[in-house]
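Each value in this text was obtained by applying a stated rule to the coordinates, not by laboratory testing. Just so you know, these numbers come straight off a predicted model, no measurement behind them. Here Cβ is always computed from backbone atoms with ideal geometry, including for glycine, and neighbour counts include all displayed protein chains.
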Amino acid sequence: MPKDFISKDYLALVIVAAMVAVLLLGVGFFQKSADWAGWIQATGLIVGLMVAIAVPGIQKKQDAASQHKLMREREVGYARRLQYLCGELNELLAKININLTHLRATDRHRLQHTLQDFLHRLFESHKRDLNDDRVVIAYELRQVANELVDELESGRADRVVMMNLDKRLQKLAHRTQVNAAMAERL
């Protein structure tokens with residue numbers, strides 16, 4: 001017999017139907033031989049009704065479990081992508097902070113393009129996300145990235161602004177971790 005010949009969902013139905021069939025056929029065995037055909041028909045009818053009632057319920061349960069699995073995978077995927085994007089922006093900000101006073105115009109221009117690419121990927125990865133918390137986090141990440149772009153365009157090397165952006169980004173990183181943990185609990 002192949003493994004998983006009968007799925008776990010249908011196993012209880014098969015066992016109960018077999019027990020009912022054995023019971024009814026056992027009772028029918030002790031009746032007159034003229035009634036034997038009637039007992040077989042009754043057994044078939046009862047088992048057929050059990051199957052007709054149980055199979056749609058089992059299929060509905062399986063569909064609901066499949067839908068829940070897909071929804072959980074989608075939610076966890078969105079949460080993890082947002083967490084990775086936040087980490088990427090955090091690494092970029094740390095790299096900029098280390099070299100802030102030594103950045104040339106070409107370096108600033110290259111970092112601005114990297115940030116524009118980051119903003120585009122952030123938008124594309126979350127344009128269909130319906131979770132309110134992740135929408136707010138993505139909005140705040142866009143604000144931090146845009147302020148970083150503005151700071152790079154200005155040519156200043158203001159450590160206070162960069163520290164403020166770093167603090168905001170650390171809070172967002174924590175929020176993305178919490179959101180990812182909540183998505184995994186679904």
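Worth pointing out:
- Helix runs (DSSP H) in the chain reaching 15 Å along axis by Cα, Kyte-Doolittle at least 1.0: 8-29
- Three-way shape label, region 8-64, alpha-carbon gyration tensor, a/c 1.5: prolate
- Projected area, mean over directions - the chain, Cα convex hull, nm²: 16.0 nm²
- Calculated [θ] (222 nm, deg cm²/dmol) that DSSP helices of n ≥ 4 give over the chain, each run adding -39,500 (n - 2.57): -30500 deg cm²/dmol
- Residue order, fewest to most surrounding Cβ atoms within 10 angstrom, among S33, S154: S33, S154
- Fewest-first sequence of I40, I137, I98 by Cβ atoms within 10 Å of each Cβ: I98, I40, I137
- Once exposed loop chymotrypsin sites (Phe, Trp or Tyr not before Pro) are cut out (DSSP; at most 10 other Cβ, 10 Å), longest piece of the chain: 31-186
- The distance linking region 111-158 with region 13-89 is 49 Å (Cα centroid to Cα centroid, whole angstrom).
- By the count of other C-beta atoms within 10 Å, a proxy for reagent exposure, D132, D158 are ordered fewest to most as D132, D158.
- Those lysines that a straight Cα-Cα span of less than 26 Å connects to K171, excepting residues fewer than 8 apart in one chain: K95, K127
- Rough spin-label spacing in nm, given labels placed 7 Å along Cα→Cβ, for Y139 and R185: 2.4 nm
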